Amino acid sequence: MYKTVYLKKGKEESLGRFHPWIFSGAIHHIEGRPEEGDVVRVLSADGRFLAIGHVQIGSIAVRVLSFDDVVIDRNFWLQRLRAAYDVRNSIGVVNQPSNNTFRLVHGEGDGLPGLVVDVYDRTAVMQAHSVGMHVSRYELADALGEVLDGVVDNIYYKSETTLAYKASEDGGNGFLKGGLATASDIAVENGLRFHVDWLGGQKTGFFVDQRENRALLERYSYGRKVLNMFCYTGGFSFYAMRGGAELVHSVDSSSRAIDITRANVELNFPGDNRHEAFAEDAFKYLDRMGDQYDLIILDPPAFAKHKDALRNALMGYRKLNAKAFEKIRPGGILFTFSCSQVVTKDNFRTAVFTAAAMSGRRVRILHQLTQPADHPVSIYHPEGEYLKGLVLYVE
Ligand code: SAH
């Protein structure tokens, strides 16, 4: 019943290593004219079954769901979602009093390429990054409801921005279970509270992936003057405040994000005047600011979304970090990140290294950071390790 993709001779090698992407250049021909998002079976040139997955337009032509010849139905989703839940349960992120926020599904890392699910208190926010997942959203939500029975009451689907074209045709955002009436918009992370903007916010509403890095920052904050650049809704800022920072300045170009940051200050530290927030462009702020900060966080959006943007992205990271090296106080600590999947750990380190060298400052690496365990990486898909961070001591 599924349409068939035939690979060119010799192009099955990466599938033998369980890599879940099939590039368009590997395809010989496709039988049956599938539409984007359809499930297809992938065969070698000599007709051997290799994999089953979602077909899509672009350089990644098929995202593999299974290397076994199975049927992709509600039961398939159920098994994968259960497996994802079991991992979260065994690493201790489910049902925690001081953390009600975790990532339940991390795409390829959970054998569900193109799907992300984050849980905020009693609401799961589901996001499709492939048309295939979008097409399956009702079946997925149904299976998700079963796996999270008793854990969440609401499932919100939020794919308008990740799938602009297809989703805008037939509804990319909305509750697939429950509704606003029963959904608290407050996430608790390590005891701190955050408004989560599912409806209009970025990603699924919050950046769950910085949880452990924020906790590390708290340990270095005492008595420091902190600049949280690209703060979004203020994540790092509140850890710095709790850690005893002398002042905390949060900067983001989105005024909506800054409004929520201010609301989050009131939620956690009402009336605390150590905090100030600025809706401003990062480069402008870095140019005009003084040299008072001795703890700076740089957590920019992905500078490169595609491989061809890599060079420019690396230049962006270099320039950004150079500004921080130029202005940070002696003895200062810099938390610097890249969340671009196409920028490797080495690429990023080279960009930061070049920026350091340009400034002439003496710089030591204190920590090398990544994403937390609820954002697992399939060992066969190293591209899944997208978050890179360095904590640097600047003399
Ligand atoms: N550190 C945040 C996540 C940052 S996401 C957290 O812990 O939650 C990246 C942020 O950069 C977004 O909020 C986006 O609005 C902001 N941004 C994008 N371009 C910017 C620019 N040129 N100047 C300042 N902020 C920018």
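The values are calculated or read from the model by the stated rules, or taken from the named source; none is laboratory data. Since the structure is predicted, the reported quantities are computational estimates derived from the model, not experimental observations. Reconstructed Cβ throughout: ideal geometry from the backbone, glycine too, with neighbour counts over all protein chains shown. We work out accessible area using only protein heavy atoms, side chains counted, and drop any ligands, DNA or RNA first. Shrake-Rupley method; radii C 1.70, N 1.55, O 1.52, S 1.80 Å.
Could you tell me whether GLY150 is of a type outside the set (A, V, I, L, M) and out of contact with any Asp or Glu (no Cβ under 9 Å at 6 or more places or on another chain)?
So GLY150 fits the description; yes.
Residue under question is ASP185, and the condition is that it be under 22 Å from ASP374 (Cβ atoms), surrounded by fewer than 19 Cβ atoms within 10 Å (Cβ to Cβ) and within 16 Å of the ligand (Cβ to nearest atom); does it hold? Reasoning before the result, please.
Values: under 22 Å from ASP374 (Cβ atoms): yes; surrounded by fewer than 19 Cβ atoms within 10 Å (Cβ to Cβ): yes; within 16 Å of the ligand (Cβ to nearest atom): yes.
Yes; evaluated as a whole, the condition is true for this residue.
As an exercise: evaluate GLY223 against (1) touching an Asp or Glu at 6+ places or on another chain (Cβ under 9 Å); (2) assigned to a loop (DSSP other than H, G, I, E, B); (3) within 14 Å of the ligand (Cβ to nearest atom); (4) open to solvent by 10 Å² or more (accessible area, probe 1.4 Å) and give the number of the one condition it does not meet.
Going through (1) touching an Asp or Glu at 6+ places or on another chain (Cβ under 9 Å); (2) assigned to a loop (DSSP other than H, G, I, E, B); (3) within 14 Å of the ligand (Cβ to nearest atom); (4) open to solvent by 10 Å² or more (accessible area, probe 1.4 Å) one by one, GLY223 breaks only (3).
Could you give every pair whose Cβ atoms fall below 9 Å, whose first residue belongs to the range 62-76 and is over 21 Å from GLY16 (Cβ atoms), and whose second residue is in a loop (DSSP other than H, G, I, E, B) and open to solvent by 60 Å² or more (accessible area, probe 1.4 Å), counting only separations of at least 6 or pairs across chains?
Every condition considered, the pairs that remain are VAL71/MET1.
Being within 24 Å of MET289 (Cβ to Cβ), under 23 Å from the mean Cα position of the chain (by Cα) and either open to solvent by 40 Å² or more (accessible area, probe 1.4 Å) or without any contact (Cβ under 8 Å) to a residue 40 or more places away in the chain (or both), is that true of even one residue in the range 375-393?
no
Does the range 337-395 hold any residues that are part of a helix (DSSP H, G or I) and of a type in the set (Val, Ile, Thr), and which are they?
Those that are part of a helix (DSSP H, G or I) and of a type in the set (Val, Ile, Thr): THR350, VAL352, THR354.
Go through the residues of the range 166-178 one by one and say whether even a single one is within 24 Å of GLY37 (Cα to Cα), more than 21 Å from the chain's Cα centre (by Cα), charged (D, E, K, R) and modelled with pLDDT of 80 or more.
Yes, because at least one residue in the range 166-178 is within 24 Å of GLY37 (Cα to Cα), more than 21 Å from the chain's Cα centre (by Cα), charged (D, E, K, R) and modelled with pLDDT of 80 or more.
Going through THR233, THR162, THR204 one at a time, which residue ends up being open to solvent by 10 Å² or more (accessible area, probe 1.4 Å) and either touching a residue at least 12 places away in the same chain (Cβ under 8 Å) or assigned to a loop (DSSP other than H, G, I, E, B) (or both)?
Details: THR233 fails: open to solvent by 10 Å² or more (accessible area, probe 1.4 Å); THR204 fails: open to solvent by 10 Å² or more (accessible area, probe 1.4 Å).
Only one candidate qualifies: THR162.
Would you confirm whether any residue within the range 269-284 is of a type in the set (S, T, N, Q), open to solvent by 60 Å² or more (accessible area, probe 1.4 Å) and either within 24 Å of TRP198 (Cβ to Cβ) or more than 12 Å from the ligand (Cβ to nearest atom) (or both)?
Yes, the range 269-284 contains at least one residue that is of a type in the set (S, T, N, Q), open to solvent by 60 Å² or more (accessible area, probe 1.4 Å) and either within 24 Å of TRP198 (Cβ to Cβ) or more than 12 Å from the ligand (Cβ to nearest atom) (or both).
Taking only the range 1-42 into account, find how many residues are surrounded by fewer than 18 Cβ atoms within 10 Å (Cβ to Cβ), touching a residue at least 40 places away in the same chain (Cβ under 8 Å) and on the phi > 0 side of the Ramachandran plot.
1
Can you name the condition, by its number, that ARG288 falls short on among (1) out of contact with any strand residue (DSSP E or B) (no Cβ under 7 Å at 6 or more places or on another chain); (2) open to solvent by less than 40 Å² (accessible area, probe 1.4 Å); (3) away from the ligand (no atom under 12 Å from the Cβ)?
It fails just one condition, (2).
So which of ALA51, ALA61, ALA45 ends up being surrounded by 13 or more Cβ atoms within 10 Å (Cβ to Cβ), small (Gly, Ala, Ser) and part of a loop (DSSP other than H, G, I, E, B)?
Values: ALA51 fails: part of a loop (DSSP other than H, G, I, E, B); ALA61 fails: part of a loop (DSSP other than H, G, I, E, B).
Answer to the check: ALA45.
Give the residue that is nearest to SER98 (Cα to Cα), with candidates limited to residues of the range 198-220 that are of a type in the set (D, E, K, R) and more than 11 Å from the ligand (Cβ to nearest atom).
At the first step, the residues of the range 198-220 found to be of a type in the set (D, E, K, R) are 203, 209, 211-212, 214, 218-219.
Checking the rest, the ones that are also more than 11 Å from the ligand (Cβ to nearest atom) come to 212, 218-219.
Values: GLU212: 13, GLU218: 16, ARG219: 18 Å.
Taking the candidates together, the pick is GLU212.
For VAL105, state whether it is without any contact (Cβ under 8 Å) to a residue 40 or more places away in the chain and surrounded by 24 or more Cβ atoms within 10 Å (Cβ to Cβ).
yes
With the checklist (1) on the phi < 0 side of the Ramachandran plot; (2) within 14 Å of the ligand (Cβ to nearest atom) in hand, flag the one item ASP308 doesn't pass.
(2)
Which members of the range 52-84 meet the condition of being over 20 Å from HIS129 (Cβ atoms) and not acidic (Asp, Glu)?
PHE67, VAL70, VAL71, ARG74, ASN75, LEU78, GLN79, ARG82
Within the range 291-313, how many residues turn out to be modelled with pLDDT of 95 or more and open to solvent by 40 Å² or more (accessible area, probe 1.4 Å)?
The total comes to 3.
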